[in-house]
Structure formats: C-alpha cells, structure tokens
1. Which part of region 144-162 falls in the paramagnetic zone of ARG50, meaning amide N under 19 Å from the point 7 Å along Cα-to-beta-carbon?
2. So how exposed is CYS68, as accessible area in Å² (1.4 Å probe, rounded to 10)?
3. Taking Rh as the Kirkwood radius computed over C-alpha pairs, what is the Stokes-Einstein D of region 60-155 at 4 °C in a medium of viscosity 1.567 mPa s, expressed in µm² per second?
4. Let me know the longest stretch in the chain that avoids all GluC sites (Glu not before Pro) found in a DSSP loop with at most 12 other C-beta atoms within 10 Å.
5. Going from the alpha-carbon gyration tensor of region 1-66, what semi-axes, largest first and in whole Å, does one get by taking the root of 5 times each eigenvalue?
6. How long is the gain from ASP149 to GLU21 if the chain were fully straight, where each residue apart is worth 0.36 nm and the alpha carbon distance is subtracted?
7. State in Å² the accessible area per residue of the chain; use a 1.4 Å probe, count heavy atoms of protein chains only, and round to the nearest integer.
8. If you take the square roots of the eigenvalues of the alpha-carbon gyration tensor of the chain and sort them as a ≥ b ≥ c, do you get rounded (a/c under 1.5), prolate (a/b over b/c) or oblate?
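The values are calculated or read from the model by the stated rules, or taken from the named source; none is laboratory data. Source: prediction; values computed, not measured. Here the Cβ positions follow ideal geometry from the backbone for every residue, glycine too, while neighbour counts run over all protein chains shown. Quick note on the areas: whole protein, heavy atoms, side chains included, nothing else; ligands and nucleic acids left out. Shrake-Rupley method; radii C 1.70, N 1.55, O 1.52, S 1.80 Å.
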Amino acid sequence: MTKPQKRSPQDGFFWKTKTLEQLSPTEWESLCDGCARCCLEKLEDEDSGRIYFTEVGCRLLDAGGCACRDYPNRSDRVPDCVRLTPKEVRELTWLPPSCAYKLVAEGRDLYWWHPLISGDPNTVHEAGVSVRGRVERTETEVPVEELEDHIVSWPALLPKRAKLKQRPR
Ligand code: SF4
Ligand code: SF4
C-alpha cells in the first residue's frame with residue numbers, strides 16, 4: 001500500500017501545482033525571495049570543485065536594498081552573472097538552502113518569510129535570510145587575490161528563526 005501524500009497548506013498555489021518549466025515569466029520572477037545571497041562573490045576550490053561564498057557583493061549589488069542595480073542589463077554588465085533556469089536550479093550545487101527555486105524544485109514548501117507567503121517583502125530581511133547589513137564591500141573594492149580572506153559560511157546556512165513554521169511573535 002502506498003503512503004498517502006502529506007497535505008500542505010500551500011497546496012493549490014502555483015509553485016505547488018506547476019513545475020519550474022511551467023511557470024510564467026511573472027510567476028518565475030515572483031518566486032525570487034529577494035535575499036541576494038546569489039549575488040555574493042564566490043570562490044571555487046580547483047581541486048574539489050567546492051564553492052565558497054564570500055561576504056563581498058557583485059559590483060551591481062545594492063546591498064542595502066538586496067537588489068541588482070541594473071537587472072535588465074545584468075548579463076551585459078556582469079558576464080558571469082548566473083541567469084537561473086530550471087536546469088541550473090537542479091544542477092547548481094551552491095544555491096543557498098533558502099533559495100525558493102531550489103525549494104520548489106525539491107517539492108518543498110516556501111518558508112513563512114517568503115514574500116509570497118507573508119505578503120511583505122521585508123520578511124526576508126526580518127528572518128535574517130537576506131544579505132542586508134552583511135555586505136560591506138563589492139568586488140570592485142576587494143582585489144581577487146584577497147577574496148579568500150572574505151569567505152563566510154552563513155550564506156549556505158539557514159538562520160534558526162527562518163526555519164520556524166510561522167513568523168515569530
Ligand atoms: S538565492 Fe534564490 S531566492 Fe535568493 S535572490 Fe538568489 S535566486 Fe532569488
Ligand atoms: S549582476 Fe545583478 S543579478 Fe547578477 S549577480 Fe550581480 S547584482 Fe546579482
């Protein structure tokens with residue numbers, strides 16, 4: 001006998017009923033929680049292939065607003081900016097555990113702080129998931145050879161309050 005699938009309060013919403021490939025452009029964009037963790041500079045260990053996050057932002061990152069300063073032209077301005085596709089979401093190993101695309105690809109629910117759940121774009125900051133207040137410099141201010149000194153682990157982790165079932169009072 002097959003085990004009945006556990007129901008979720010998010011059943012019926014587009015991110016639960018559609019695959020990443022089936023999302024409209026508007027749905028796709030709305031799925032981004034605005035954390036900007038993916039806009040941090042990363043370093044790859046040539047031997048192991050492991051990716052390390054740094055606390056240094058991309059040159060176009062507005063770290064306070066957690067937004068790209070030139071989103072429509074980002075690929076022209078920053079050729080190594082990763083434009084996520086469903087395929088990349090499934091294949092990239094470095095996407096943060098909080099990333100909504102990753103959660104949806106894995107069939108998981110969005111967290112309470114995701115703007116699609118809370119209705120409030122500020123909850124991603126309130127939950128400590130965004131990069132706000134944690135990026136002091138951009139790649140234009142830190143020489144590549146010094147990036148190693150700025151490796152941090154928090155972008156690959158989820159803060160305790162972000163893991164809660166609902167918004168803490
Ligand atoms: S990590 Fe994912 S959810 Fe966060 S800004 Fe990047 S694409 Fe959006
Ligand atoms: S170009 Fe914009 S979207 Fe791309 S990594 Fe930089 S800040 Fe983020």
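1. 147-158, by backbone N distance to the label point.
2. Here the residue's solvent-accessible area equals roughly 50 Å².
3. Rounded to a whole number, D works out at 84 µm²/s.
4. 47-105
5. 33, 20, 11
6. 42.2 nm
7. Roughly 64 Å² per residue, with all protein chains present.
8. The shape class here is prolate.
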